[in-house]
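Written below as C-alpha cells is the structure these notes are about.
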C-alpha cells in the first residue's frame, strides 16, 4: 500500500480544509480548523466512553442522531476542550456550529464539531466567531497540512496519512486522515481526535461498522475506549465523489483493511509523539484466550509507571513487566508464561532464563524496544504500542494550564 | 489513643528483633532483619493478589497452611525480592528459613519469611547465611528501630508505630507495627511489607478476620490488593504474653479499632514517603453506592498520571480529576457529581462553579491537598490517600536496578 505522509483529509476528491490562528492559544499557533465536503457525506463517528462528555461531543451526537447520519463540515478548535463547562459550554458549541453553517450556507445540522485543550474553561466564542469568515474563505483542497497543525496541543508534529487504492481498472478510492494525540497514551485523559475523509461511496450501515472495527484494531490498542478523555472523537466522512461504489463484501473488505492500515499508522505516530516520549515500545501478546485479553495484558504493561520509567532509564528491569502481567485480570497460568525481550527469552516455564544481561541492557538502550509475552492460554494475539515515561512528561503535565 | 512513633514490633511483651547490614545491598545499609517471639504466636497473614508470587510468599504460605497457623519468627531481607526466580528461588528461601530455625532451635515450620527489592535476581543466600549468627545473637527487645531500617528500599524514613491499650483495671495489650512502602503507591508494583506484633491473646479465627478487615480499611485505600507487587505481605503475630485474653465481642472490637488506627498510620506514612512525593493528597469520596465503589473512584483519581503531575506542578487543573472520575466504572450520574477542592465547590450539578482561581492555585500549592468527590449515588464514603508524581519518581525508577 502506497501511503503518502504529506497529505491527509483533502487528498480524497471533493474535500477542502483550512486552519488558522484565531487567538484561542496565547502562543499564536494555529488553533482553529475546518473540513468541508463539496457534497453531503455519509458520516460515522466514535466518541469517548468517559461519563463526562464534552459539549462539542454532545452537539455532534445530536446532529448525527437518526438512522442515516450525514454531514458537510467539521469545525475543530485546540486550546480549550469546552468540557465540564455546563449549559454555557453547549451554547458556545452550538453558536460556533451555527456560525459555520451560516457562512457555508448549509444547515447547522450538517456541521459537526470537536475541541481539545484545557478542561473546565469556557470556550472563547467571540474570538472563534470573528475568525470564521477568514477560516471559510481560505478553504481549499491543499490545506490539509495547516488543518493538521490547528488541532495540535502538546503534539510535537502533525500526524497525517493518505492513500489511493484501485478497486478495478477504472475504479479507485482515496482515504485521507489526520489525528492529534500526545498525552501519555494509554492513560486516562490524553485527548485524541481523528478526522478521516474518503471519496468512496459507502452506505451508512457499513460505514459505522467499518469505523468501529478499524478503531478497535488501531487506536484501542494504544488506548481510547474505557480509559478516555472527555473529548476523544473519531469522525469518518464518505462523500462518494470518486464515483466508486463499494457494495460487495470483497470491495468493503478492501476498504476496511485500508482504513485499518491508515488508522494504525496514525496510532503509531501518536505513540511516537507521546508527551516526553524517548522510546517506542512494541508489546506483542501471544497465545491469549481472547483478543481482548491479549490487549488487556499489553495495556497493563503499557500503563505501568514502573515499567515506563524503567524503559526511560534504559534499565532492563524485566521483573516489572511480568509483575504488571501478574496483576492483570486476563486468564493464564503464570507457570506457562514466557517473556522475550527482542528475541531473547528471559523467563519461561516458571524459571528465569540464562541471558547475557549486557545484551538485554543493549536492547533496552535502543529507541525501539520489542517485548513478547506468550501466555500459552489460547490462540489469540495482539500488539500494543506504548512509550516511556520521562522527566519531560512530568514537566509537560505539571505546567499544562498555567 | 496514645500512639508512640519511636517504637514498633518489640514494644509488645515477649518480642525481640534485630537488623544488620549483611551485604545484600551494595551501599552498606541494613538489609537483613528478624523478629522473634519468646513463645509460639498465633499468626495471620495477607499476601499479594499478583499471579506471580515471590518465593518467600510461597514458603511462608506453606508454613502457615492448616487450621491453626502459628509462628515463632520472621526473617526478612531487602535488596532482592527473590521473585520470578523459579525453583532455585524457593530453595534459597527454604535454606534461609532452615538456617534461622537452626540458630533459634525451633522448627523450620515456625519461621516465616519476606523479601523486597529487585525482581528476577537470585537471592545471595551465602551472604545471608553467613550473617544469621550475628543477626540472632543481637536479638533484643529494643532493636525495633534497626529492624524497621533493614526492610527499607527506596523509603526515605522508617515507618513505625506502637500503642498500649487498657481493657480493664489491670488488663491491657500492646500492638507494635512497622512497614516499608515507597513506590508510587497506588500503582502496580511498589512492594509493601508490614509486620505487626501484639501480646494480646486472640484465637486464630478472629485474628485472620481482624487483620483482613484492618488491611481493607488502611493499606487497601492507598492500594495493595488487586494491583500489587509480587512480594506484598502483611504479617500479624499474637503471642498472648500480656496475659490479656480478648474473647468478647467488645474486647475484640477494641483490638480491631486499635489495629485499624495503627495500620492507617503506617498507610499514611507510606503515602507521605511515596517515591519522589512532594505533596500528600487526601481524596474523600462521599455518597457512593457502595464502599468499594467509593474506593474505586478515589483510586481512579489517585492513579492518574495526569492528575498526579498536575498536583506536582501545583496546577489547579481540576478538569483532570473529574475526567478520571468519568472513566471509572463506579455507578453515578455525572450530572449529580460535585467536586470540592478544600472547602471550595468547583463543579456541581453539571456546572462549573464561580471560584477565585487564585484561591484554588493557593490550595494546590500546599504540601497537603484535600479534594472531595460527592457522587450523590448512595450512602457510602471512603478516603483514599495518594501523592504527586515528580521528576524524582522518574529518576528513582529509571535507575532502580542499575
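The values are calculated or read from the model by the stated rules, or taken from the named source; none is laboratory data. What you see is a predicted model, and the numbers here were worked out from it, not measured in a lab. Here Cβ is always computed from backbone atoms with ideal geometry, including for glycine, and neighbour counts include all displayed protein chains.
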Any chance the stretch A:251-271 includes a residue that's under 30 Å from residue B:50 (Cα atoms) and in contact (Cβ under 8 Å) with a residue 24 or more places away in the chain? yes
Which number in (1) over 20 Å from residue B:89 (Cβ atoms); (2) free of Cβ contacts under 8 Å to residues at least 24 places away in the same chain marks the one condition that residue A:361 misses? (2)
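Residue-wise test of (1) crowded, with 21+ Cβ neighbours inside 10 Å; (2) facing chain A (nearest Cβ under 9 Å).
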{"residue": "B:292", "(1), (2)": "no, no"}
{"residue": "B:304", "(1), (2)": "yes, yes"}
{"residue": "B:310", "(1), (2)": "yes, yes"}
{"residue": "B:316", "(1), (2)": "yes, yes"}
{"residue": "B:322", "(1), (2)": "yes, yes"}
{"residue": "B:341", "(1), (2)": "no, no"}
{"residue": "B:345", "(1), (2)": "no, no"}
{"residue": "B:361", "(1), (2)": "no, yes"}
Evaluate the stretch B:265-274: report whether one residue or more is out of contact with any strand residue (DSSP E or B) (no Cβ under 8 Å at 6 or more places or on another chain), farther than 19 Å from residue B:209 by Cβ and within 14 Å of chain A (Cβ to nearest Cβ). no
Exactly one condition in (1) over 16 Å from the mean Cα position of the chain (by Cα); (2) closer than 24 Å to residue B:262 by Cα is false for residue B:138; which is it? (2)
If we keep only residues of the stretch A:1-55 that are within 14 Å of another protein chain (Cβ to nearest Cβ) and either free of Cβ contacts under 8 Å to residues at least 60 places away in the same chain or within 15 Å of residue A:180 (Cβ to Cβ) (or both), then the residue surrounded by the fewest Cβ atoms within 10 Å (Cβ to Cβ) is A:51
Identify, by number, the condition in (1) within 28 Å of the chain's Cα centre (by Cα); (2) within 16 Å of residue A:368 (Cα to Cα) that residue A:316 doesn't meet. (1)
Among the residues of the stretch A:102-154 satisfying the criterion of being surrounded by 20 or more Cβ atoms within 10 Å (Cβ to Cβ), in a strand (DSSP E or B) and modelled with pLDDT of 95 or more, which is farthest from the other protein chains (Cβ to nearest Cβ)? A:111
May I ask you to verify whether residue A:157 is touching a residue at least 12 places away in the same chain (Cβ under 8 Å), within 21 Å of residue A:9 (Cβ to Cβ) and either assigned to a strand (DSSP E or B) or touching a strand residue (DSSP E or B) at 6+ places or on another chain (Cβ under 8 Å) (or both)? no
Sort through A:60, A:78, A:22, A:8 and tell me the only one that's in contact with a strand residue (DSSP E or B) (Cβ under 8 Å, 6 or more places away or on another chain) and either assigned to a strand (DSSP E or B) or at pLDDT below 95 (or both). A:78
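Restricted to the stretch A:221-249, and to residues that are within 14 Å of chain B (Cβ to nearest Cβ) and closer than 22 Å to residue A:293 by Cα, which residue is modelled with the lowest pLDDT? Don't jump to the end; show me each part of the working.
Our first condition is that a residue be within 14 Å of chain B (Cβ to nearest Cβ); within the stretch A:221-249, this holds for A:223-232.
If we keep only those that are closer than 22 Å to residue A:293 by Cα as well, we get A:223-228.
Numbers: A:223: 56, A:224: 40, A:225: 35, A:226: 41, A:227: 55, A:228: 72.
That would be A:225.
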Test for residue B:178: is it part of a strand (DSSP E or B), at pLDDT 80 or above and farther than 18 Å from residue B:256 by Cβ: yes
Residue under evaluation residue B:357, criteria (1) over 28 Å from the mean Cα position of the chain (by Cα); (2) farther than 20 Å from residue B:285 by Cα; (3) facing another protein chain (nearest Cβ under 7 Å), criterion not met: (3)
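Conditions tested, residue by residue: (1) free of Cβ contacts under 8 Å to residues at least 12 places away in the same chain; (2) more than 30 Å from residue A:316 (Cβ to Cβ).
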position	(1), (2)
B:299	no, no
B:305	no, no
B:313	yes, yes
B:336	no, yes
B:340	no, yes
B:354	yes, yes
B:374	no, yes
B:398	yes, no
Would you mind stating whether residue B:266 is in the same structural domain as residue B:41 (by TED's automatic domain parsing), surrounded by 20 or more Cβ atoms within 10 Å (Cβ to Cβ) and part of a helix (DSSP H, G or I)? yes
Determine, yes or no, whether residue A:162 is in contact with a strand residue (DSSP E or B) (Cβ under 8 Å, 6 or more places away or on another chain) and part of a strand (DSSP E or B). yes
Residue by residue through the stretch A:37-57, note down the ones that are modelled with pLDDT under 95 and not in a loop (DSSP other than H, G, I, E, B). A:46, A:47
Of all residues in the stretch A:80-101 being crowded, with 24+ Cβ neighbours inside 10 Å and more than 14 Å from chain B (Cβ to nearest Cβ), the one that is farthest from residue A:191 (Cα to Cα): A:100
Exclusive hit being part of a strand (DSSP E or B), touching a residue at least 12 places away in the same chain (Cβ under 8 Å), out of contact with any helix residue (DSSP H, G or I) (no Cβ under 8 Å at 6 or more places or on another chain) and not assigned by TED's automatic domain parsing to the domain that holds residue A:210, set A:287, A:294: A:287
With the condition being within 19 Å of residue A:397 (Cα to Cα), modelled with pLDDT under 85 and out of contact with any helix residue (DSSP H, G or I) (no Cβ under 7 Å at 6 or more places or on another chain), I'd like the helices (runs of 4 or more DSSP H) fully within the stretch B:298-387 carrying at least 1 qualifying residues. B:305-312, B:357-364
